[in-house]
1. Give the range 138-151 a look and list any residue that's touching a Gly at 6+ places or on another chain (Cβ under 8 Å) and either open to solvent by less than 30 Å² (accessible area, probe 1.4 Å) or under 19 Å from VAL95 (Cα atoms) (or both), or say none.
2. Of all the residues that make up the range 307-325, how many are modelled with pLDDT of 80 or more, open to solvent by 20 Å² or more (accessible area, probe 1.4 Å) and among the hydroxyl-bearing types (Ser, Thr, Tyr)?
3. Surrounded by 10 or more Cβ atoms within 10 Å (Cβ to Cβ) and modelled with pLDDT of 90 or more - does that describe any residue in the range 67-77?
4. Can you pull out the residues in the range 95-117 that are of a type in the set (Ser, Thr, Tyr) and open to solvent by 100 Å² or more (accessible area, probe 1.4 Å)?
5. Filter the range 118-127 down to the residues that are at pLDDT 85 or above and of a type outside the set (D, E, K, R), then identify the one that is most open to solvent (accessible area, probe 1.4 Å).
6. Assess whether LYS92 counts as being assigned to a loop (DSSP other than H, G, I, E, B), open to solvent by 60 Å² or more (accessible area, probe 1.4 Å) and more than 30 Å from GLN334 (Cβ to Cβ).
7. Being part of a strand (DSSP E or B) and open to solvent by 40 Å² or more (accessible area, probe 1.4 Å) is the filter; apply it to the range 180-194 and report the residue that is farthest from ALA206 (Cα to Cα).
8. Of all residues in the range 152-174, count the ones that are closer than 17 Å to PHE336 by Cα, open to solvent by 10 Å² or more (accessible area, probe 1.4 Å) and in contact with a helix residue (DSSP H, G or I) (Cβ under 6 Å, 6 or more places away or on another chain).
Amino acid sequence: MPNAGLNRGGAQPGHVGITLKPVADLDPIIRHPVERCEKCERDLREVAAKECQRRQVFDLPHRPREVTEHQAAAKVCGCGHRNVAAFPRGVKAPVQYGPDIIARSAHLHCYQRVPFQRIRDGFRDEWNLALSSGPVMRALREVADQVAPIMERVRVALQNDPHTVCCDETGMRVTGKLWWFHVVSTPRLTWLFAHAHRGHEAMDAAGILPHRPAGSNSMHDGLKTYQQYPENAFLCNAHHERELEDAAERTHQAWATQIGAALCNEGRGGRRRRPAQTKTRNLLERLDRERNAVLRFLDDLTVPFTNNLSERDLRMLKTRQHISGSFRTALGAQRFATIRGYLQTDRKQGATARSSATGGRARSPVGTRHRITLVIDACGCRQMRVGAGKGGSTWYSVAFLPPYSPNLNLIERLWKFVKAECLNSIYYEQFSGFSEAITKCLNETSTVHKSRLDTLLTLKFQRFKSAA
């Protein structure tokens, strides 16, 4: 059994340290010249320096809030029609908050577990921005709506994931009642789901475990509901270690210490009257009855020793409840679970939590994207940039066209169409007019030019038989 106090102080073996290192992309460079000799007071301002010692200071920039004003011009044509330029997508109100404020608010509340009042205090202290609770709530709603389709793809990916999925649940207060947050995790994906029930009603509503193929693996902490599903269910040995340690301390029975030591060493490297069912006896019978589920990690190296992966994904929810209290609405709890699951999935794949929450730029995690094929010509520079290893990616493949066959690439046909529409016998006095014409033509490909492009952009190629 693990013994407290035996680990040496400081970083433990296997800890990956982070050391501050000099960088090349500097912001301000402050030069400190030598003007006089420290010994004889001679003027050295005209003497060239022989060397330069460098020291870099990492700090946070201090800048006020940034206010961008969009001005849409209005012009009246000779025919009398009034034309007004379009505002960028997302700019809908005379005064509104930008996408970075929305992203930062969602990140602080859903990932850093900061209450609404502290978010308001932070915006006021850092940027002198008076932010009320309403915009923060709207920010959570917008981010949840943006990442919901991506989390649906995460759910489908977990249904077919060949890895062992770790499952767990924890109770949270929602609208004054006990709700349950369920999690299904792999090393790359996290799915969080809030439901009023703990058992099969919630797991069926989540739609992952009922749809996993028979013979797939899952790990949990012993809840009987998980055994109703077709996959192989294995038990978390971290729970067994704690229970065995408790049994050894309370009963002083040698078998508890021996079994605990064996688990720790392997995983971390006429009718008779029924005897009394104590906690210790229940533990021993469960270990004997579920020995295949307990010891499967010895035979299958893809099965983890503990269920800590899903427990880590749930642990911060309890911290959030201690800091901010319960959820006031069921919809708020479900939105929180959606955003938190997306942030944790992106975090597992190397993205920073705040950058992945940026409004309007949510990306699909690796393992959930539809596989696509890139069709490009066989130019040598493109082949070098794609690289030999990129073609074997899990989400895209590359197909190079044969030499002297640009018509096989549909994008070449589109460019020829655009050139015919915007360049042939047309003169532009300024580059801005040329740019606007190209943009207008591309924007009208699915409306004005749709009928012509439907006959041009097809996969019906003419084939010629060999002359031989």
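1. Restricting attention to the range 138-151, the residues satisfying the condition of being touching a Gly at 6+ places or on another chain (Cβ under 8 Å) are 139-140, 142-143, 146, 151.
ALA139, LEU140, GLU142, VAL143, MET151, listed by residue number.
2. So the count comes out to 1.
3. The answer is yes; a qualifying residue exists.
4. Of all residues in the range 95-117, those of a type in the set (Ser, Thr, Tyr) come to 97, 105, 111.
Those that are of a type in the set (Ser, Thr, Tyr) and open to solvent by 100 Å² or more (accessible area, probe 1.4 Å): none in the range 95-117.
5. GLY122
6. Numbers: assigned to a loop (DSSP other than H, G, I, E, B): yes; open to solvent by 60 Å² or more (accessible area, probe 1.4 Å): yes; more than 30 Å from GLN334 (Cβ to Cβ): no.
Criteria not met by LYS92.
7. Filtering the range 180-194 for residues part of a strand (DSSP E or B) gives 180-185, 190-194.
Among the residues that remain, those that are also open to solvent by 40 Å² or more (accessible area, probe 1.4 Å) are: 180, 193.
On the way: TRP180: 12, PHE193: 7 Å.
The selected residue is TRP180.
8. Residues of the range 152-174 closer than 17 Å to PHE336 by Cα: 152, 154-155, 169-174.
Narrowing the set further to residues that are open to solvent by 10 Å² or more (accessible area, probe 1.4 Å) leaves 152, 155, 169-171, 173.
Now narrow it down to the ones that are in contact with a helix residue (DSSP H, G or I) (Cβ under 6 Å, 6 or more places away or on another chain): 170.
The qualifying residues number 1.
The values are calculated or read from the model by the stated rules, or taken from the named source; none is laboratory data. What you see is a predicted model, and the numbers here were worked out from it, not measured in a lab. All Cβ positions, even for glycine, are placed from backbone atoms using ideal geometry, and neighbour counts span all protein chains on display. We work out accessible area using only protein heavy atoms, side chains counted, and drop any ligands, DNA or RNA first. Shrake-Rupley method; radii C 1.70, N 1.55, O 1.52, S 1.80 Å.
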